[in-house]
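J.: Mind looking over this structure? Questions follow.
The values are calculated or read from the model by the stated rules, or taken from the named source; none is laboratory data. As the structure is a prediction and not an experimental result, all values here were calculated from the model. Note that we place each Cβ from the backbone using ideal geometry, even for glycine, and neighbour counts take in every protein chain shown. We work out accessible area using only protein heavy atoms, side chains counted, and drop any ligands, DNA or RNA first. Shrake-Rupley method; radii C 1.70, N 1.55, O 1.52, S 1.80 Å.
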Amino acid sequence: MQGTWFRAAICLLALSTATVAPKAWSFDDEEETYSYDVIVNSLNRQVESQDQATSRARNTNVTSNDPFENVWMHAGAGLVNVTQTIDYDDGSKAYLNQKGVQASLGIDLFSPNWMAEGTVRSFDDNEDTSTQVSLKEFELKIFFKDRMAKNLGYRVGGGLSGRYMTITRQGLETLDYSTPSSVGTVGIDLFLTDRFSLGAEISARSAMIAETLDRSSLDGTLRLDAHF
């Protein structure tokens with residue numbers, strides 16, 4: 001009888017083990033599947049977060065408002081021809097036509113359309129039978145500039161000019177004049193490349209004081225500029 005109960009107990013134990021084991025294995029499989037899905041989803045969220053951060057960084061760079069980022073400087077040289085008439089106090093006149101050279105340096109005023117430029121000019125002495133004239137000039141101007149086409153632009157501006165003129169008349173004393181003048185300029189620029197351009201300008205000047213013989217002048221300029 002005892003042997004019968006012992007065998008029955010062994011059979012019950014084996015049956016319960018067989019029933020519980022598949023459940024445990026099934027729980028382990030589910031837990032493994034659940035852990036894999038969690039890891040994959042976590043990695044996807046990390047990648048998406050990195051992409052969003054990169055996109056925000058790129059957008060920040062594109063919309064940067066650094067005022068110095070797009071500032072260009074301009075340096076150039078040119079040939080100038082100036083004409084003017086000098087009216088002497090005794091009623092006589094002298095007609096001047098002088099050739100010279102100029103050097104210029106400009107910088108954008110935090111905008112591609114506005115520029116400030118300083119210019120230094122030196123002219124050959126004008127000599128005729130009665131008058132010798134020596135002229136030097138310094139300018140500071142502000143321009144508005146824009147493109148009419150891809151490689152063609154224009155500029156319009158004005159400013160102040162300091163003119164230093166020495167006049168020597170035959171048989172008379174030498175006269176020196178330092179004349180502040182207002183100046184207006186209109187010009188066009190042909191861009192050979194993004195870095196170099198050829199330009200032509202016309203400028204008119206008017207003296208800001210009455211105590212001078214250097215009252216007005218008109219000149220034309222051919223110039224070559226580098227942009228950097």
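J.: Would you work out the relative contact order for the range 102-228, in percent, from Cα pairs under 8 angstrom that are 6 or more residues apart?
T.: Averaging sequence separation for qualifying contacts and normalising by length gives 16 percent for the range 102-228.
J.: What FRET efficiency, computed as 1/(1 + (r/R0)^6) with R0 = 35 Å and r the Cβ-Cβ distance, is obtained for residue 216 and residue 101, rounded to the nearest 0.05?
T.: Computed FRET efficiency for residue 216 and residue 101 comes out at 0.95.
J.: Could I have the simple spin-label model distance between residue 77 and residue 114, label points 7 Å from Cα toward Cβ, reported in nm to one decimal?
T.: Once both label points are built, they end up 3.2 nm from each other.
J.: How big is the range 102-228 along each principal axis, measuring the range of its Cα positions in Å and listing the largest first?
T.: Projected onto its principal axes, the Cα set of the range 102-228 covers 57, 26, 21 Å.
J.: Contour minus end-to-end for residue 122 and residue 89, with contour as 0.36 nm per residue of separation and end-to-end as the Cα-Cα distance?
T.: Between residue 122 and residue 89, full extension yields 9.2 nm more.
J.: Ranked by accessible surface with a 1.4 Å probe, highest first, in what order do 124, 225 come?
T.: Result of the area sort, largest leading: 124, 225.
J.: How high is the FRET efficiency between residue 176 and residue 144 when r is their beta carbon distance and R₀ equals 35 Å, given to the nearest 0.05?
T.: 0.50
J.: Under the 0.36 nm per residue contour assumption, what length would be gained going from the current alpha-carbon distance of residue 166 and residue 193 to full extension?
T.: Result for the pair: 5.6 nm of gain on full extension.
J.: Something else now. When the accessible area of the range 126-220 is computed with all protein chains present and a 1.4 Å probe, what percentage of it is carbon and sulfur?
T.: Answer for the range 126-220: carbon and sulfur cover 61 percent of the accessible area.
J.: Now for a different question. Convex hull volume of the Cα atoms in the range 93-169, per residue, in Å³?
T.: Value for the range 93-169: 116 Å³ per residue.
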